[in-house]
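Here the structure is laid out as structure tokens; the discussion comes afterwards.
The values are calculated or read from the model by the stated rules, or taken from the named source; none is laboratory data. As the structure is a computational prediction, the values presented were derived from the model and not from experiment. No Cβ is skipped: glycine too gets one built from the backbone with ideal geometry, and neighbour counts run over all protein chains shown. Accessible surface is based on the protein model in full, side chains and every heavy atom, while ligands, DNA and RNA are left aside. Shrake-Rupley method; radii C 1.70, N 1.55, O 1.52, S 1.80 Å.
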Amino acid sequence: MTLLIKSATIVDSKSDFHNQTVDILIEDGKISQISETIENTKNHKELNLENLHVSQGWFDSSVSFGEPGYEERETIVNGLKTAALSGFTDVAVNSNTHPVIDCNTDISFLKAKAFGNAVNLHPVGALTRNSDGVDLAELYDMQNAGAVAFYDYQKPISNPNLVKIALQYAGNFGGLVLSFPQESKITGLGVMNEHITSTSLGLKGNPALAEELQIARDLFILEYTEGKLHIPTISTAKSVDLIRKAKAKNLNVTCSVAIHNLVFTDKNLVGFDTNFKVLPPLRTQEDIDALIEGLKDGTIDMVTSDHNPLDIEHKKVEFDHAQYGTTGLESAFGALNATLSTKKAIELLTNGKTRFGIENHPINIGETACITLFNPNDTFVFSAEDILSTSKNSCFVDHKLKGKAYGIFANNQLVIE
């Protein structure tokens with residue numbers, strides 16, 4: 001298709017037009033012209049939006065849908081539509097389905113379901129068979145089928161030797177191993193952060209120690225194997241410090257943080273709202289401050305919505321019995337942009353691609369058009385009506401956000417509200 005985008009401010013440090021307000025002409029999926037003014041002499045489809053800003057397409061490194069097996073939570077089709085309208089051109093989709101995505105045919109299924117969509121779906125294969133933590137899954141075959149990483153979603157690998165073997169084996173073909181940072185024997189039956197609030201509420205605590213012990217273990221193993229490790233969704237101040245020191249030793253490690261762990265603390269659980277029951281749990285303001293500092297100095301490489309739709313039967317129950325997870329795609333940019341500068345928010349939403357082997361497309365003439373359209377100044381209170389997912393378990397309802405995505409242009413398709 002041919003599209004003329006009018007008066008768009010480019011936010012892309014890799015672009016020759018960074019911070020400039022220009023017109024952008026896209027023809028057959030490629031950027032053919034960028035100029036201060038482009039006359040629409042051929043009556044092309046024209047896009048004019050209030051305070052329009054554009055950037056490289058955003059990437060989310062941890063998204064869960066339901067299909068196959070849990071389609072009542074979310075289908076791939078609706079999940080990708082939600083991602084597009086939330087500004088994401090690329091999503092890494094977790095393996096926590098039924099059956100678990102743990103072989104090459106499963107990867108091919110996900111790729112086939114997403115074929116032809118504006119959003120690029122990048123499957124994350126399970127690290128172990130059926131994500132049971134016993135035997136490695138078919139890592140090499142899954143990577144050949146299109147898997148970008150290997151991860152037993154929110155399931156820690158208790159056997160350190162298995163982590164060692166995974167890092168050594170995946171290192172032979174450049175595979176990226178993810179290890180969830182939690183020592184389950186320390187966590188026990190804890191359902192929220194172990195602190196003053198958990199004591200006052202009478203809920204069992206999940207201590208920061210459980211996360212930090214696992215990270216320390218995995219970093220020692222990483223140093224031994226010289227492998228390639230990504231630690232998803234860290235949540236404590238000491239975790240940031242551990243990874244900062246590992247990077248100073250030039251270990252091949254990256255990490256992410258879930259956006260809700262930058263916004264909410266364990267005090268938000270006072271009302272026993274199960275939408276705030278997430279994993280890792282919401283920690284303290286001191287942890288949030290350390291996480292934000294880690295984002296600013298580059299210790300934390302990327303942010304994720306950690307989008308995890310869950311149906312009402314798994315959320316509207318007693319707190320101890322509710323499942324962990326919140327939706328987050330729809331609120332991701334608004335929450336992040338309200339916490340950090342727009343420039344930093346865009347950087348964190350785009351720079352995770354390289355780690356997962358996904359191609360970047362700067363906004364320059366001749367490049368493939370893979371862009372996000374957004375308004376960074378639209379301030380609003382997020383409501384249930386803003387949730388596009390099939391499941392409605394968002395902890396951001398009634399929270400004030402700043403900035404809203406209009407949609408995306410990717411794979412020669414325009415998807416906007």
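Residues in segment 92-123 that are under 21 Å from the mean Cα position of the chain (by Cα), hydrophobic (A, V, I, L, M, F, W, C) and within 17 Å of residue 142 (Cα to Cα): 92, 93, 100, 101, 107, 110, 114, 121.
Looking across segment 268-279 at every residue that is more than 20 Å from residue 306 (Cβ to Cβ) and in a helix (DSSP H, G or I), the one that is most open to solvent (accessible area, probe 1.4 Å) is identified as 270. Only one of the numbered conditions (1) more than 18 Å from residue 232 (Cα to Cα); (2) open to solvent by less than 10 Å² (accessible area, probe 1.4 Å) is not met by residue 125, and that is (1). It is to be established whether one or more residues within segment 143-153 are in a helix (DSSP H, G or I), open to solvent by 20 Å² or more (accessible area, probe 1.4 Å) and in contact (Cβ under 8 Å) with a residue 40 or more places away in the chain. Scanning segment 143-153 turns up at least one residue that is in a helix (DSSP H, G or I), open to solvent by 20 Å² or more (accessible area, probe 1.4 Å) and in contact (Cβ under 8 Å) with a residue 40 or more places away in the chain. Residue check: residue 174 meets all listed conditions (1) over 16 Å from residue 130 (Cα atoms); (2) open to solvent by less than 10 Å² (accessible area, probe 1.4 Å); (3) of a type outside the set (Phe, Trp, Tyr) but one, namely (2). Taking residue 234 as the residue in question, decide whether it is within 23 Å of the chain's Cα centre (by Cα) and either closer than 23 Å to residue 350 by Cβ or of a type outside the set (Gly, Ala, Ser) (or both). Answer is yes for this residue.
Across segment 8-52, the number of residues qualifying as open to solvent by 70 Å² or more (accessible area, probe 1.4 Å) and at positive phi comes to 3. The residue that is most open to solvent (accessible area, probe 1.4 Å), among those in segment 302-330 that are of a type in the set (D, E, K, R) and under 13 Å from the mean Cα position of the chain (by Cα), is 330. Residue-level analysis places residue 116 among those that are modelled with pLDDT of 95 or more, under 28 Å from residue 416 (Cβ atoms) and in a loop (DSSP other than H, G, I, E, B). Of everything in segment 244-266 that is among the β-branched types (Val, Ile, Thr) and closer than 25 Å to residue 338 by Cβ, the residue that is surrounded by the most Cβ atoms within 10 Å (Cβ to Cβ) is 259.
Among the residues of segment 72-88, those identified as open to solvent by 10 Å² or more (accessible area, probe 1.4 Å), within 18 Å of residue 115 (Cα to Cα) and not aliphatic (A, V, I, L, M) are 75, 78, 81. Within the option set 218, 132, being open to solvent by 50 Å² or more (accessible area, probe 1.4 Å) and out of contact with any Phe, Trp or Tyr (no Cβ under 7 Å at 6 or more places or on another chain) holds for one residue only, 132.
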